[in-house]
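K.L.:
What follows is a single structure, and I will ask about it in a moment.
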Amino acid sequence: MRLWFKVNYFGKRRMKIGSVLVTGANRGLGLEFVRQFLALPTPPEHVISACRNPDGAKDLHDLKNKHKNLSIVKVDLNDTEHLEEAVKEVEATLGNSGLNLLINNAGIASRDNLDTITAEEMMRHFRVNTVGPLMVTKVFLPLLRKAAGSGGEGASINQATVCSISSGVGSIGENDSGGAYAYRTSKAGLNMITKNMSIDLKKDGIIVVSIHPGWLKTDMGGPNATMEADVMAKKIIDLMGTFTSDEFTGKLYHFSGRVMQF
Ligand SMILES: NC(=O)c1ccc[n+]([C@@H]2O[C@H](COP(=O)([O-])OP(=O)(O)OC[C@H]3O[C@@H](n4cnc5c(N)ncnc54)[C@H](OP(=O)(O)O)[C@@H]3O)[C@@H](O)[C@H]2O)c1
């Protein structure tokens with residue numbers, strides 16, 4: 001009860017973000033993040049939805065017709081060559097301000113086991129779930145640094161944060177069921193990137209975290225999943241609102257707020 005109060009109270013009170021960019025924003029949890037940010041009592045001035053096929057992102061275009069603060073930009077994690085173009089577009093949208101929050105949400109998952117796993121499947125997951133978020137974060141760093149200001153003291157979600165949507169399945173310490181080689185290792189790699197970047201970016205005042213969103217009713221999670229994506233997006237936004245100093249950086253969080261083992 002006490003944790004619930006803390007998360008929700010601080011989440012609501014402190015969540016006043018100037019700008020947020022969400023990858024994989026055309027469907028699933030990413031689309032719900034966009035919806036929930038737009039629905040905040042004080043929505044961000046800029047909600048930037050990134051997806052690999054903007055022309056086909058009907059839900060985002062419908063939202064854009066209603067919300068002037070929403071923009072759509074192309075980001076394909078399999079094609080890191082064009083990322084600089086996305087940065088230029090985002091820079092033009094933000095004007096003089098930096099980027100406060102980057103949510104590395106896009107991801108893929110397939111089922112495999114020791115008999116079925118292939119080298120190609122491993123590399124495909126590594127490319128999208130591990131290398132992609134690293135390269136996206138790298139190109140947006142100048143804008144994140146700009147938002148963080150002079151950095152050092154007072155890091156907070158309202159300044160600059162990188163939040164990667166990982167998975168409990170990527171936790172080495174909490175793995176007790178085996179299987180899913182490609183997904184597990186790619187998310188474990190993502191968690192290492194979170195830890196590593198949290199150290200490298202501490203001096204800049206940028207918070208870097210991984211979050212496990214639970215089992216969600218999306219294309220990835222399937223209809224038997226235990227939670228709705230819109231409810232979880234809201235919950236995670238509230239959780240992110242509690243990241244108010246650099247003591248929160250460099251961790252893998254369960255959506256409940258519990259710090260998980262890497
Ligand atoms: N669902 C769960 O139960 C669950 C559990 C734990 C963690 N997660 C994590 O939560 C995040 C969101 O998952 P979800 O359930 O919303 O999955 P989803 O419904 O399958 O949506 C995945 C999103 O990622 C995008 N994407 C895939 N490959 C991409 C690429 N190469 N470049 C850019 N975007 C790409 C997809 O875009 P397209 O439409 O273009 O394919 C889509 O927008 C993922 O990182 C996932 O690993 C999910």
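The values are calculated or read from the model by the stated rules, or taken from the named source; none is laboratory data. Just so it is clear, the model here is predicted, and its values are computed rather than measured. Neighbour counts are summed over all protein chains in view; Cβ atoms, including those assigned to glycine, are modelled from backbone coordinates with ideal geometry. When the accessible area is computed, the model is the full protein with side chains, heavy atoms only, and any ligands, DNA or RNA have been set aside. Shrake-Rupley method; radii C 1.70, N 1.55, O 1.52, S 1.80 Å.
K.L.:
Find the residue count for the range 217-250, including only residues that are under 16 Å from R27 (Cβ atoms), within 10 Å of the ligand (Cβ to nearest atom) and of a type outside the set (A, V, I, L, M, F, W, C).
P.N.:
5
K.L.:
Just the residues that are in contact (Cβ under 8 Å) with a residue 40 or more places away in the chain and open to solvent by 50 Å² or more (accessible area, probe 1.4 Å), please, taken from the range 219-234.
P.N.:
D219, M220, D230, K234
K.L.:
Now, a different point. Just checking, how many residues over the range 13-48 are more than 15 Å from H67 (Cβ to Cβ) and open to solvent by 50 Å² or more (accessible area, probe 1.4 Å)?
P.N.:
Total meeting the criteria: 5.
K.L.:
Looking only at the range 192-203, which residues are in contact with a helix residue (DSSP H, G or I) (Cβ under 8 Å, 6 or more places away or on another chain) and open to solvent by 30 Å² or more (accessible area, probe 1.4 Å)?
P.N.:
Within the range 192-203, K202 is the sole residue that qualifies.
K.L.:
Can you work out which of the residues in the range 98-117 that are surrounded by fewer than 18 Cβ atoms within 10 Å (Cβ to Cβ) and not hydrophobic (A, V, I, L, M, F, W, C) is farthest from G221 (Cα to Cα)?
P.N.:
Applying the filter and picking the extreme gives D115.
K.L.:
In the range 156-204, which residues are small (G, A, S) and within 18 Å of the chain's Cα centre (by Cα)?
P.N.:
Filtering the range 156-204 down to residues small (G, A, S) leaves 156, 160, 164, 166-168, 170-171, 173, 177-180, 182, 186, 188-189, 198.
Answer for the range 156-204, where residues must be small (G, A, S) and within 18 Å of the chain's Cα centre (by Cα): S156, A160, S164, S166, S167, G168, G170, S171, S186, A188, G189, S198.
K.L.:
Okay, next question. Scan the range 236-262 for residues that are without any contact (Cβ under 8 Å) to a residue 60 or more places away in the chain and out of contact with any Gly (no Cβ under 8 Å at 6 or more places or on another chain) and jot them down. Before the answer, list the steps.
P.N.:
Quick first cut of the range 236-262, residues without any contact (Cβ under 8 Å) to a residue 60 or more places away in the chain only: 247-248, 250-251, 253, 255, 258-259.
Result: E247, F248, G250, K251, Y253, R258, V259.
K.L.:
Further question: I'm checking my understanding of the structure. Among residues of the range 205-216 that are over 12 Å from I165 (Cα atoms) and either modelled with pLDDT under 95 or more than 8 Å from the ligand (Cβ to nearest atom) (or both), which one is nearest to the chain's Cα centre (by Cα)? Show your work before the answer.
P.N.:
Here is the first cut: in the range 205-216, the residues over 12 Å from I165 (Cα atoms) are 205-207, 215-216.
The next check asks that each one be either modelled with pLDDT under 95 or more than 8 Å from the ligand (Cβ to nearest atom) (or both); those that pass are 205-207.
Details: G205: 18, I206: 14, I207: 12 Å.
Ranking the candidates gives I207 first.
K.L.:
Can you tell me which residues in the range 92-141 are more than 17 Å from the chain's Cα centre (by Cα), free of Cβ contacts under 8 Å to residues at least 12 places away in the same chain and in a helix (DSSP H, G or I)?
P.N.:
Answer for the range 92-141, where residues must be more than 17 Å from the chain's Cα centre (by Cα), free of Cβ contacts under 8 Å to residues at least 12 places away in the same chain and in a helix (DSSP H, G or I): A92, A119, E120, M123.
K.L.:
Could you say whether any residue in the range 249-261 is among the aromatic types (F, W, Y), assigned to a loop (DSSP other than H, G, I, E, B), open to solvent by 20 Å² or more (accessible area, probe 1.4 Å) and touching a Pro at 6+ places or on another chain (Cβ under 7 Å)?
P.N.:
yes
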